[in-house]
Amino acid sequence: MRRSGTGAKLISVPYVVWAALFIIAPLFFVVYYSFTNAAGQFTLDNIHLLTKYIPTFLRSIWFGIVATLICLLIAFPTAYIISQKSDKIQRTMILLVMLPMWMSFLIRTYSWMAILQDTGLINSFLVKIGIDPVHMINTGGAVILGMVYNFLPYMIMPIYSVMAKLDFSMVEAAQDLGSNRINVIRRCIIPMSIPGVISGITMVFVPSVSTFYISQKLGGGSFDLIGDVIERQFQQSYNYNLGASLSLVLMILILLSMAVMNHFSDEGEMVI
C-alpha cells in the first residue's frame, strides 16, 4: 500500500509542477499586478479605472452571447443529423467539420476579410448579377460571423459526442406511445443532450468573450472587445497593471459563467 501511495505521488509530480508553473504562478502575477502600480506599491487605482471599460465588457458579453446562440442553433441539428448516419458517413462528416481547424486561425480570419470586403467575393458576385454591393466588413455582424465560423466546431463536437451515445430505444418508445417528432425532440433528445449542449456553450462563449484578433480584422477596430483592450495595454501602452486588472475581471466573469453552466449541467443530469 505504501509503495502504491508513493508511486501515485511520484506520478502526480509532473502535473503538480506543470500546474504550479503554468496555472498558479500566472494567476498570482495577474492578481499582484492588478493591485499594484508601476513602482510595485499597493493601489486600487487600476480597479477604479475599470468603470471606464464597462461598455466594452458589456459589448464583449453581448457579442459572445449572440455568437454562442447562433452556434447552438446551427450545431444542434447538425450534430443530430450526423449522429443518425452510418459510422462511415459519420467519420466523413466529422472530418469535414474539423477540416477548417487544421488551418491557422489567422488564415481563416484573413479569408473572411477577402470574402466580406466591399470588393470581395460576395460583392463581386452581387455586382455581376446586377445587385448593388453591400457593406459587410468592419461591422458588428462581421465580428459575430467570424466568431461563429471559428468556434462552431467547438459546439458541434461535444453535442455530437453525447448524441452518438444516446439510447435511441427511448426515442422509439416515445414514438410507439404516440409522440410526434417535435415532442420526441423536446422531451427526449434535448434533455438527454444537455451535457453536450452545456459543454458546447462553455467552449464557445469563453473564447468569444476573450477574443481580440477577430474583432481587429473583421471589425476594423470599430468594435473594441475586452480582449482588444487587454492586448493594447500589454503590447502598446505597456501598462501591465491595468492590463492585469482587466484580465482579472475577465477571468472572474469566465469563471462565473462556467459555474453557472456547470450548475445547469448538474440539474440537467438530475432531470434525466
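No lab work stands behind these numbers, since they all come straight from the coordinates. In this text, all values refer to a predicted model and were calculated from it rather than measured experimentally. Please note: Cβ atoms are built from the backbone with ideal geometry, for glycine as well, and neighbour counts cover all protein chains shown.
Would you mind counting up the charge near Gln216? Only other residues with Cβ under 11 Å from its Cβ, with Lys and Arg at +1 and Asp and Glu at -1.
-1
Would you mind computing, in nm to one decimal, how far apart the modelled labels at Leu10 and His263 are, each placed 7 Å from Cα along Cα→Cβ?
Modelled inter-label distance: 4.5 nm.
Using just the helices of the chain, give the 222 nm mean residue ellipticity in deg cm²/dmol: DSSP H runs with n ≥ 4 each add -39,500 (n - 2.57), and the total is spread over all residues, rounded to 500. Don't skip to the end; give the middle numbers.
Numbers: 14 runs with 199 residues, N = 272.
The helix-only estimate for the chain comes to -23500 deg cm²/dmol at 222 nm.
As an exercise, identify the trypsin sites (Lys or Arg not before Pro) in region 83-116 lying in DSSP coil whose Cβ has no more than 15 other Cβ atoms within 10 Å.
In loop regions of region 83-116 (DSSP not H, G, I, E or B), the sparsely surrounded trypsin sites (Lys or Arg not before Pro) are Lys85.
Skipping prolines and chain starts, which residues have an amide H placed within reach, meaning under 5 Å, of the one on Thr36, given they are 5 or more residues away or on another chain?
Here the answer is Thr43, since their amide H atoms fall under 5 Å of that of Thr36.
Enumerate the lysines that Lys165 could reach by cross-link, defined here as Cα to Cα under 23 Å, with residues fewer than 8 away along the same chain left out.
Leaving aside lysines fewer than 8 places away in the same chain, those within reach of Lys165 are Lys85, Lys88.
With a length cut of 24 Å (Cα positions projected on each helix's long axis) and a Kyte-Doolittle mean of at least 1.0, go through the chain and give me the DSSP H helices that pass.
Once both thresholds are applied, what remains is 54-83, 140-163, 190-210, 240-271.
In percent, how large is the relative contact order of region 53-271, given Cα pairs closer than 8 Å and 6 or more residues apart?
27
Quick check on packing: order 17-26, 31-40 by the mean number of other C-beta atoms within 10 Å, highest mean leading.
Per-residue Cβ counts within 10 Å, averaged per peptide and sorted highest first, yield 31-40, 17-26.
For the charge dipole of the chain, defined by +1 on Lys and Arg C-beta atoms and -1 on Asp and Glu C-beta atoms about the Cα centroid, which residue among Tyr238, Phe105, Leu116 has the Cα displaced farthest towards the positive pole?
Towards the positive end, the residue furthest out is Phe105.
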